[in-house]
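One structure below.
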Amino acid sequence: MGAIAPARGARAILDALRGVVLGQDAATREVLICLLARGHILLEGVPGTAKTLLVRTLALALRVRFVRIQFTPDLMPADITGITLLTGTHEFSFREGPIFADLVLADEINRAPAKTQAALLEAMQERTVTVDGKSHPLTSTFTVFATQNPIEFEGTYPLPEAELDRFMAKIQIGYPEAAVEQGILTRYVQGFEADRPDTYGVTPVIDAAGLDQLRAAVDAVRVEPRITGYITAIVRATREAASLTLGASPRAGVALFKAARAAALLEERDFVIPDDVKLLAPAVLRHRINVAPELELEGVTADQALKAILDRIEAPTA
């Protein structure tokens, strides 16, 4: 099968991630799927749950340029994109900001005000940065991994819907189980240090060109009309559900389509099945919908509302 060889490369990256980030199997899989599908990722979890570690490990496995930007209330847009300077020869020169990298970790993105958050919008959508009317291209590998604390944390700003919609998936990272947490401590006994990448034991699996080849293989995965119909039905149902005040946009359907193809490749298939769509729907849609306020007060979450929709929609059969 044509998907087997690329899938082995993808699974080697996944194995490298799971060798360092313990107890987050679903999150590591979803992160890799989004990367293969050319999507940006929003990671949500309380501090200390390996969000930064996951992205740093991925950069080591891919042999690409990694940059971490710490978002703070006083961070300005130019601190991200770069600035135009007047040189000693009276010529203008553009000094690139940290966004000019392959993997960009926007750490605690919801601690910066909306104006600074918006500096990422053009880069995420167009993979270019415009400063003083001049466009500067980013690499084809360019991917944003934004981390955020849960919204109820003090000193956070909720991301606007327009920016949330640019993220292919919102991946939730929770606390590990007891045995895994003890295993993390055992790793530290053996010399592991999260702030010292040389202790991770990760050797590069592929480079940027190899990632481009994997993405091309994803683009070749077949998606039958019954699958696209299933995706469309799910997305449209979010707009009609009484439990939701905001449904998913057409961009959400495109994101789910692309992610399902990447998931199929990871499973060594050159075609998408309904389970690829159903398993990824919560991650792709949870940040694109709003639960009705009265249900939110009762404790209904976006994932619960989505589960009810997915249970109601009949998946296509062979």
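The values are calculated or read from the model by the stated rules, or taken from the named source; none is laboratory data. None of the values given here were measured: they were computed from a predicted structure. Glycine gets a Cβ as well: all are built from the backbone with ideal geometry, and neighbour counts include every protein chain shown. In case anyone asks, the SASA skips ligands and DNA or RNA and just uses the protein heavy atoms, side chains included. Shrake-Rupley method; radii C 1.70, N 1.55, O 1.52, S 1.80 Å.
Quick notes on this structure:
- Of the accessible area of region 243-318, computed with a 1.4 Å probe over protein heavy atoms only, carbon and sulfur atoms account for 56 percent.
- Burial ranking of peptide ranges 91-99, 284-292 (average Cβ count within 10 Å, highest at the top): 284-292, 91-99
- Projected label points at ARG226 and LEU121, each 7 Å from Cα along the beta carbon direction, are separated by 4.1 nanometres.
- Whole-Å distance, taken between Cα centres, linking region 77-138 and region 260-318: 34 Å
- log₁₀ of I(q)/I(0) at q = 0.19 Å⁻¹ - region 139-231, Debye sum with one point per alpha carbon: -1.19
- Space enclosed by the convex hull of the alpha-carbon atoms of region 225-318, per residue, Å³: 85 Å³
- Descending principal axes extents, the chain, alpha-carbon based, whole Å: 68, 44, 41
- A dipole drawn for region 173-318 from +1 and -1 charges on Cβ atoms has a positive end, and of TYR230, ALA262, LEU285 the residue lying farthest that way is TYR230.
- FRET E, pair ASP212, ALA315, Förster distance 41 Å, beta-carbon r, rounded to 0.05: 0.80
- Low-density loop cleavage sites - trypsin sites (Lys or Arg not before Pro) in region 119-199, where at most 15 other Cβ are within 10 Å (DSSP): ARG127
- Amide H to amide H, with H built 1.01 Å from N, VAL205 comes under 5 Å of LEU62, ARG63, counting only residues 5 or more places away or on other chains.
- Applying 1/(1 + (r/R0)^6) with R0 = 41 Å to the Cβ-Cβ distance of ARG8 and ALA78 gives a FRET efficiency near 0.45.
- Solvent exposure of region 98-256 amounts to 48 Å² per residue of accessible area, where only protein heavy atoms count and the probe is 1.4 Å.
- For LYS278, the aspartates and glutamates whose Cα comes closer than 16 Å to its Cα, not counting residues fewer than 8 places off in the same chain, are GLU30, GLU224, GLU267, ASP303, ASP311, GLU314.
- Scanning residues 5 or more positions from VAL129 or on other chains, those with amide H under 5 Å from its amide H are HIS136, LEU138, with H placed 1.01 Å from N in the peptide plane.
- Long-range HN-HN contacts of GLY82 with modeled amide H, under 5 Å: GLY97
- Gyration tensor (alpha-carbon) shape descriptor, region 74-126, a/c threshold 1.5: prolate
- Dipole magnitude of region 137-280 about its Cα centre (Cβ charges: Lys, Arg +1; Asp, Glu -1), debye to nearest 20: 560 debye
- Placing +1 on each Lys and Arg Cβ and -1 on each Asp and Glu Cβ, with no other charges, gives region 109-166 a dipole about its Cα centre of roughly 220 debye.
- Overall Cα dimensions of region 31-162 - principal axes, largest extent first, Å: 49, 34, 25
- Bridge type composition, the chain - antiparallel percent by DSSP, nearest 5: 35 percent
- Compared with the direct C-alpha span, the chain from VAL46 to GLU296 gains 87.9 nm at full extension, assuming 0.36 nm per residue.
- Residues listed by number, region 232-252, amide nitrogen under 12 Å from ALA308 label point at 7 Å toward C-beta: 241-245
- Total charge dipole magnitude, the chain, about the Cα centre, Cβ charges on Lys, Arg, Asp, Glu only, Debye to nearest 20: 760 debye
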